[in-house]
Every structure is written in C-alpha cells, then in structure tokens.
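The values are calculated or read from the model by the stated rules, or taken from the named source; none is laboratory data. Please read these numbers as outputs of a predicted model, since none were measured by experiment. No Cβ is skipped: glycine too gets one built from the backbone with ideal geometry, and neighbour counts run over all protein chains shown. The area values use the complete protein model at the heavy-atom level, side chains included, leaving out ligands, DNA and RNA. Shrake-Rupley method; radii C 1.70, N 1.55, O 1.52, S 1.80 Å.
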Amino acid sequence: MKHSFLKSAFSLLAAAALLTACGNSATQSTADTSSDASSAPTESSSAENVQPDIGSELTIGVKSFTAHAGDKAVPVSVEIWNNPGYAATGIQLFYDPMLKPVITDETSEATTFPFAKCDLGDATEGFLKSCLVGEKDHIIAFGGMSTENSTKDGVMFTVYFDIPDDVPAGHEFSFVCVMDSLNTMNQERLSPKMLDGKLTIE
C-alpha cells in the first residue's frame with residue numbers, strides 16, 4: 001500500500017511538471033494543494049516550537065512543540081537545516097493515529113487518496129508539490145520539485161492536525177520523518193539526518 005501511495009504522490013508531480021512545460025496555467029491547481037487558511041482556522045496559539053540542537057549536518061525533521069487538547073488545525077512543519085541545495089524531494093511524515101490530519105476537498109483522477117491541507121515554506125518557494133494522506137497507515141506523503149536548487153534553510157512544508165478533546169495534559173504524540181528522496185538538479189542524491197519531533201499536551 002505504501003509503495004502505491006508514494007507512487008500516486010509522484011505521479012501527480014510528474015503530471016504537473018508536464019503541464020508546466022507546456023505552459024498550462026492549470027498546473028498549480030493540480031500540484032499545489034494549499035487551501036484558504038480560513039477553511040481550517042487554528043484555534044490555538046499555544047504551539048511554540050523548541051529549537052533542537054542541530055549542529056552543522058544536513059538535517060530534516062520536526063521540532064518538538066506544545067498544544068492543548070481540543071486544538072484544531074495545529075500546524076506541524078517539516079524543516080531543513082544546513083541545506084546544500086536540492087530540487088526534488090519525497091518525504092513521509094508518520095503521525096499518531098489519535099491525531100486527525102486536516103484535508104482539503106481537492107480531488108484528482110490520478111489518485112484516490114485525500115489531499116492534506118499543506119502550505120509550502122521558504123525552503124520550497126516556487127516548488128510544485130503533492131501532499132497526500134494515507135489514513136490507514138497514518139502517513140502524509142509530501143513530494144516537491146523545482147527547476148532550480150533551493151538553498152534556503154527553514155520550513156519545507158506545513159500540514160495541520162486536529163487534537164482530540166479528551167487527551168490528558170502531559171500526553172505526547174510523535175512525528176517521525178522518513179526520507180524517500182532528496183536530489184539536486186544534477187541528480188546527486190543527498191542523505192540528510194532525520195529529526196523526529198513530539199507534540200506535548202499542556
């Protein structure tokens with residue numbers, strides 16, 4: 001299931017790249033799955049990221065942060081540090097089954113998986129993207145590609161989760177990042193250190 005899931009994400013990106021090459025203005029509606037922020041408002045401002053100890057190694061992952069039981073559309077960002085430059089990536093973000101990812105109403109003939117509400121960050125500015133939810137295996141598959149290397153550090157993408165109302169204070173939810181691919185424009189494959197994060201309920 002996971003193989004076909006990731007294949008769907010990259011099939012959408014390939015189709016979007018083809019449309020871009022042909023000058024089709026519909027590309028963004030196919031690959032860019034950002035939705036209006038007003039459609040999924042964040043009710044909590046308590047989620048404050050904690051800066052991890054990164055060092056000088058290429059690193060991708062999620063900072064640990066806090067939120068409250070019942071918070072809606074809590075942002076979870078996957079970030080990159082010490083970025084040497086990349087133009088294509090595929091990342092799997094595994095989330096706790098108790099959390100509910102915020103999805104959009106977007107559909108595509110290329111996949112039956114739902115689209116996650118997903119915003120690009122500074123480190124993927126101008127990228128085409130696909131961001132699908134594998135609800136059975138609790139995965140969000142992000143794929144992104146660009147026509148030039150991004151060398152910026154910072155947020156690659158942000159997805160959103162609703163927290164159950166009955167979670168006790170002190171409970172921790174884990175977010176595990178798995179790198180599928182990270183390549184430069186010259187097809188050089190990069191091997192980042194992956195940083196897992198946790199959400200602690202206050």
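Filtering the stretch 134-158 to residues that are out of contact with any Pro (no Cβ under 9 Å at 6 or more places or on another chain), open to solvent by 10 Å² or more (accessible area, probe 1.4 Å) and not charged (D, E, K, R) leaves Met145, Ser146, Thr147, Ser150, Gly154, Val155. Counting only residues that are among the aliphatic types (A, V, I, L, M) and part of a strand (DSSP E or B), which one in the stretch 67-84 is nearest to Leu120 (Cα to Cα)? Residue satisfying both the conditions and the ranking: Val78.
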